[in-house]
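Only one structure is covered here, and it is reproduced in the block below.
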Amino acid sequence: MVCDLYDDLPAPTGRRLVIADIRSPHSESIARLKHALVAARGAATPFLYLFHGSRERGEMHATMLGATKSLPAMTAAALLAGAVADLTGAAPAVEPDSPAKHAQAARRAFAAIFTGEAPATELVDDAAEIVNRAARDMKVQDWLNLVAAFDDITHRHCLTVAGLAAAFAATLHFNPADAHFLTKGALLHDIGKSKIPRAILDKPGPLTVPERQVMNQHPLIGYTMLEGRGFSDLALKVVRSHHELLDGAGYPDGLRGPEIPDVVRLVTICDIFAALIERRPYKAPLSAPDAYGIMLKMVGKLDPDLLRAFAPVAFASDTETMPLSA
Ligand SMILES: [Fe+2]
Ligand SMILES: [Fe+2]
């Protein structure tokens with residue numbers, strides 16, 4: 001049941017959950033909400049407070065109102081449904097055995113990130129959580145098959161890299177916080193491509209030298225987009241440096257070995273592997289063993305220990321059954 005705080009009708013009673021969503025909270029709307037909550041909430045009724053804008057202010061209002069839980073109003077639908085299910089003790093809306101739903105939820109969340117503007121950090125956190133949850137519930141190959149059917153090349157690529165990163169984190173027994181961080185970096189790594197002209201991004205053939213020069217600006221563009229927007233230095237490094245190689249032959253800064261943090265090296269491995277196994281308009285996908293074999297020959301460029309650790313993910317990612325797309 002939906003109620004307007006300003007319609008002066010009595011608040012409903014006997015609800016299993018109360019959710020409030022106030023776009024611009026001020027003293028009067030908060031006072032009205034407080035009043036409505038007294039009537040609508042029983043002693044054990046959970047209350048979910050959705051806030052717009054600043055997290056600090058939203059959480060302050062939530063505490064003041066005695067909320068059971070607070071979330072940004074822009075939280076991805078799948079996570080919101082999960083929170084509602086947790087609070088009411090109902091079965092989660094996204095079934096653990098529903099890979100297609102996971103992939104669709106991740107795609108919607110990613111589309112909200114990849115707009116050409118800097119995304120809110122909360123949006124990226126939501127998307128990373130969806131991908132990590134999917135990695136727990138399905139095989140990496142199933143994820144790759146689902147994502148391969150998406151029509152947008154860049155969405156497909158970033159979700160492929162994110163799925164591989166989540167699987168890699170699981171293989172390396174990362175704790176949840178580190179797994180979340182790695183997946184987030186993978187989702188963001190090509191954010192700068194959101195400002196590259198579509199004619200170059202989706203060109204159905206190899207790029208010319210000038211086009212390649214434009215394309216190769218995407219790490220710096222992404223870094224500039226996200227700098228000063230609440231992302232950690234390490235996340236910014238993933239975006240800026242994911243095309244750097246240990247021998248200094250990468251771009252944009254020509255970094256060498258120790259200058260490239262581990263998390264960047266991990267994303268780089270997932271990124272290169274994804275590019276090799278993906279079908280592009282101008283190239284057929286390589287099989288997982290062929291792709292991994294090529295990477296093993298990139299001696300001196302990729303971290304050999306991490307590449308060895310990536311083998312279980314690579315060999316679980318056989319794409320021979322991937323559907324044809326684009
Ligand atoms: Fe890239
Ligand atoms: Fe990439």
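The values are calculated or read from the model by the stated rules, or taken from the named source; none is laboratory data. Here the structure is a predicted model, which means the values were calculated and not measured. Here Cβ is always computed from backbone atoms with ideal geometry, including for glycine, and neighbour counts include all displayed protein chains.
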Response to the item:
Scanning the stretch 175-199 for residues that are more than 20 Å from LEU234 (Cα to Cα) and either surrounded by fewer than 16 Cβ atoms within 10 Å (Cβ to Cβ) or touching a Ser or Thr at 6+ places or on another chain (Cβ under 7 Å) (or both) gives SER194, LYS195, PRO197, ARG198, ALA199
Worksheet item: Quick one: how many residues across the stretch 140-164 are among the small types (Gly, Ala, Ser) and away from ligand 2 (no atom under 16 Å from the Cβ)?
Response: 1
Discussion item. When you check TYR282 against the structure, is it in contact (Cβ under 8 Å) with a residue 60 or more places away in the chain and not charged (D, E, K, R), yes or no?
Written reply: yes
Item to complete: Give me a count of the residues in the stretch 165-179 that are over 10 Å from VAL131 (Cβ atoms) and within 16 Å of ligand 2 (Cβ to nearest atom).
Response: 1
Worksheet item: If we only count helices (runs of 4 or more DSSP H) wholly inside the stretch 46-165, which ones have 2 or more residues that are within 28 Å of PRO197 (Cα to Cα)?
Response: 99-113, 121-137, 140-148
Practice prompt. Quickly run through the stretch 126-140 and pick out the residues that are in contact with a Pro (Cβ under 9 Å, 6 or more places away or on another chain) and either surrounded by 21 or more Cβ atoms within 10 Å (Cβ to Cβ) or without any contact (Cβ under 8 Å) to a residue 24 or more places away in the chain (or both).
Written response: ASP126, ALA127, ASN132, ALA134, MET138
Worksheet item: Regarding SER241, is this residue of a type in the set (Ser, Thr, Tyr), at pLDDT below 95 and either more than 25 Å from the chain's Cα centre (by Cα) or under 25 Å from PHE114 (Cα atoms) (or both)?
Response: no
Worksheet item: Is it fair to say LEU266 is crowded, with 20+ Cβ neighbours inside 10 Å, at pLDDT 95 or above and part of a loop (DSSP other than H, G, I, E, B)?
Response: no
Worksheet item: Applying the selection to the stretch 1-44, what residues are among the polar types (S, T, N, Q) and either within 19 Å of GLY82 (Cβ to Cβ) or not in a loop (DSSP other than H, G, I, E, B) (or both)?
Response: SER27, SER29
Worksheet item: Of the conditions (1) surrounded by 15 or more Cβ atoms within 10 Å (Cβ to Cβ); (2) at pLDDT below 95, LYS301 fails just one. Which one is it?
Response: (2)
Discussion item. Between PRO252, PRO219, PRO261, which is closer than 27 Å to ASP305 by Cβ, in the same structural domain as ILE191 (by TED's automatic domain parsing), in contact with a Leu (Cβ under 7 Å, 6 or more places away or on another chain) and within 13 Å of ligand 1 (Cβ to nearest atom)?
Written reply: PRO252
